[in-house]
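These notes concern the structure reproduced below.
The values are calculated or read from the model by the stated rules, or taken from the named source; none is laboratory data. Please read these numbers as outputs of a predicted model, since none were measured by experiment. Glycine gets a Cβ as well: all are built from the backbone with ideal geometry, and neighbour counts include every protein chain shown. SASA here: full protein model, heavy atoms, side chains in, ligands and nucleic acids out. Shrake-Rupley method; radii C 1.70, N 1.55, O 1.52, S 1.80 Å.
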Amino acid sequence: MTTAIRRAVIPAAGIGSRLLPLTKAIPKEMLPVGDRPVIEHTVRELVASGITDITIVVSAGKDLIQQHFRPNPALVDQLHAQNKHAYAKAVEEVAELAHEGHITYLEQYGPYGNGTPVLNAARGSGDEPMLVLWPDDVFVAQVPRAQQLISAYEKTGCPVLALMPMDREDARRYGVPEVKEDLGDGLLRISTLLEKPEPEVAPSGFAAIGGYIVTPGIIKELQAITDRWEQHQTGEVYLTDAINAYAATKAVYGQVIDGHWYDTGNPTDYLVAQFASALADPEYGPVLRELAQGGDGPSRVR
Ligand code: G1P
């Protein structure tokens, strides 16, 4: 029997440099994809996967995230008074979602690198495994990506990374796992994760896509890396290093995720995510398709 996964962490303290100047005043987590901000897609995915304890790790300038999820009874009352009941419901639903996922916020503290928010959030989690999802991915999948990761963890009882097939040319953008064993149904045992290799030396055709189940063993490795950093004040603390340290002696798995992945962390992919989600929408899709085919779009005034 594995420990049930209830907890998740969303590292959201980054400055979104690849999207500047768009992210100068707006946190990248709050940029819209479809009719909601990116981070709401992630929270929805977690709640739909049974997560009841979400920690969002933030930094200065991220208040809009809290504002988005905070209940706003005055706005709801105002909308009802104006007979705008559907909008009132939409506003209330976001706060209900946050309540269901029991969102709490934590200020990031410690060395640079994506391992630090994970270690921050793990404090007080005891011996529980937890999910880690980057805040700039949007998944469209029949079974949520988080649920697919949880199922892989339930089968193995070991740390799991979310993987997707990639073009080898893209290897230099991702962590690429070396596969040790294929267990079927997309479950792979991996021996190591190489960060951003050149295509010629990429050990497989899979990319790590920013979804992880970290266990207490991984947290111990992160702590050891952080302790070394504190002694010497050099280097950065990355989750990949902790995974590799752990995988040197113990089993780590990758789960190839069934679904469509949209990264929103850089301008091109962000536009693709926006466009793809709008195309899939029954209301906006037909208008955009017409526009893409050289039509006039919805504006009738010339
Ligand atoms: C991080 C991980 C990398 C992963 C990527 C996915 O890299 O270190 O293994 O492939 O996220 O988005 P980053 O893009 O933060 O440099």
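Taking Cα atoms of the stretch 113-166, Rg/Rh with Kirkwood Rh, to two decimals?
Here the Rg-to-Rh quotient is 0.98.
Per residue and in Å³, how big is the convex hull formed by the alpha-carbon atoms of the stretch 1-156?
Per residue, the Cα convex hull of the stretch 1-156 comes to 134 Å³.
From the Cα gyration tensor of the stretch 44-103, with a ≥ b ≥ c the square roots of its eigenvalues, which class applies: rounded if a/c is under 1.5, or else prolate if a/b is larger than b/c, or else oblate?
Oblate shape, in that a/c is at least 1.5 and b/c is the bigger or equal ratio.
Find the accessible area per residue for the chain; the probe is 1.4 Å, ligands and nucleic acids are left out, and the unit is Å².
Here the per-residue accessible area is 52 Å².
So how far, in whole Å, is the C-alpha centre of the stretch 49-91 from the one of the stretch 176-222?
Comparing the Cα centres of the stretch 49-91 and the stretch 176-222, I get a distance of 36 Å.
Using unit Cβ charges (K, R positive; D, E negative) and no other charged atoms, how large, in debye to the nearest 20, is the dipole of the stretch 184-300 about its Cα centre?
Once rounded to the nearest 20, the dipole reads 260 debye.
Mind listing the long-range amide H neighbours of Val138? Cut-off is under 5 Å, sequence gap 5 or more, other chains count too, H placed in the peptide plane at 1.01 Å from N.
Close amide H contacts, sequence-distant or interchain: Tyr262, Asp263, Thr264.
Can you list the GluC sites (Glu not before Pro) in the stretch 213-302 that are in a DSSP coil and have 16 or fewer other beta carbons within 10 angstrom?
Taking the stretch 213-302 and a limit of 16 other Cβ atoms within 10 Å, the loop GluC sites (Glu not before Pro) found are Glu236, Glu283.
Which residue, Thr192, Ala162, Thr234, has the largest displacement toward the positive end of the dipole of the stretch 139-256 when charges sit on each Cβ (Lys, Arg +1; Asp, Glu -1)?
Ala162
If you put +1 on each Lys and Arg Cβ and -1 on each Asp and Glu Cβ, how big is the dipole of the chain around its Cα centre, in Debye rounded to 20?
Charge dipole, the chain, about its Cα centre: 340 debye, nearest 20.
Please report, as a whole percent, how much of the solvent-accessible surface of the chain comes from carbon and sulfur atoms (probe radius 1.4 Å).
Here it works out to 53 percent.
Can you pull out the trypsin sites (Lys or Arg not before Pro) in the stretch 22-62 that DSSP calls coil and that have at most 13 other Cβ atoms within 10 Å?
Here the trypsin sites (Lys or Arg not before Pro) that fit, given the DSSP loop and packing criteria, are Lys24.
With only alpha-carbon atoms in the gyration tensor, what are the semi-axes of the equivalent ellipsoid for the chain, in Å, largest first?
Gyration-tensor ellipsoid for the chain: 34, 24, 19 Å.
Taking all pairs of distinct Cα atoms, average 1/r, flip it, and tell me the Kirkwood hydrodynamic radius of the stretch 1-61 in Å to one decimal place.
12.9 Å is the Kirkwood radius here.
Run the numbers for Gln293 and Arg18: contour at 0.36 nm per residue of separation, minus the present Cα-Cα distance, in nm.
Difference between extended and current length: 96.0 nm.
Once you charge only the Cβ atoms, +1 for Lys and Arg and -1 for Asp and Glu, what is the size of the charge dipole of the stretch 1-79 about its Cα centre, to the nearest 20 debye?
Charge dipole of the stretch 1-79: 240 debye, to the nearest 20.
Taking a temperature of 10 °C and a viscosity of 1.306 mPa s, what whole-number D in µm²/s does Stokes-Einstein yield for the stretch 250-298 with Rh from Kirkwood over alpha carbon pairs?
122
Could you calculate the contour length gain from Glu92 to Ser151, that is, 0.36 nm times the residue separation minus the distance between their Cα atoms, to one decimal place in nm?
Gain in length upon complete extension: 18.1 nm.
Working out 0.36 nm times the residue gap between Gln67 and Asp182, then minus their Cα-Cα distance, what length gain in nm do you get to one decimal?
37.0 nm
Would you work out if the stretch 108-240 is rounded, prolate or oblate? Take a ≥ b ≥ c from the square roots of the eigenvalues of the alpha-carbon gyration tensor; rounded if a/c is under 1.5, else prolate when a/b is larger than b/c, oblate otherwise.
In terms of gyration-tensor shape, oblate.
What FRET efficiency comes out for Glu230 versus Arg173 if R0 is 35 angstrom and r is the Cβ-Cβ distance? Round to the nearest 0.05.
0.70
Can you spot the lysines whose alpha carbon is less than 22 Å from Lys62's alpha carbon? Ignore those fewer than 8 places along the same chain.
Lys24, Lys28
Which is farthest toward the positive dipole end of the stretch 66-179 among His80, Val118, Ala98, measuring Cα position about the Cα centre, with Cβ charges +1 (Lys, Arg) and -1 (Asp, Glu)?
Of His80, Val118, Ala98, it is His80.
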